[in-house]
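Quick notes on the structure that follows.
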Amino acid sequence: MARTMFPHDLVRAQHDWNRTYAALAAPRPGNTTVLRRRLLQLSVEVFWHPFWSTGRGRSPAARVALRQHVHAQEQGEVWPR
């Protein structure tokens, strides 16, 4: 089981963001207003998370690493703790 430097709530928010984005990008999605509002809420949650103010989260590479980590989880390569 792989460990991550990211807080669980940040990983969960990024995962939810990916799922919401995919649902909105699907052909003829239902409830587009609800999906757009949810995507905006999750974007704020991820962007302003306190982790980005810490030493490990300050670099732009940390944001990329978060997206890669969540993508790997979604592909079944890494299981959440």
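Normalised by the number of residues in region 8-74, what is the relative contact order in percent for Cα pairs under 8 Å and 6+ residues apart? Don't jump to the answer; show the numbers that get you there.
Values: 33 pairs, mean separation 27.5, N = 67.
Value for region 8-74: 41 percent.
Going by neighbour counts of Cβ atoms within 10 Å, the residues Val46, Val70, Val64 line up, fewest first, as Val64, Val46, Val70.
For each of Thr4, Thr20, count neighbouring Cβ atoms within 10 Å of the residue's Cβ, then give the residues from fewest to most.
Ranking Thr4, Thr20 by Cβ neighbours within 10 Å, fewest first, gives Thr4, Thr20.
We did not get these values from a lab; they are worked out from the coordinates using the rules stated. Bear in mind that the values here come from a model prediction, so they are computed numbers and not experimental data. Because the Cβ atoms are built from the backbone with ideal geometry, glycine has one as well, and the counts that use them run over all protein chains shown.
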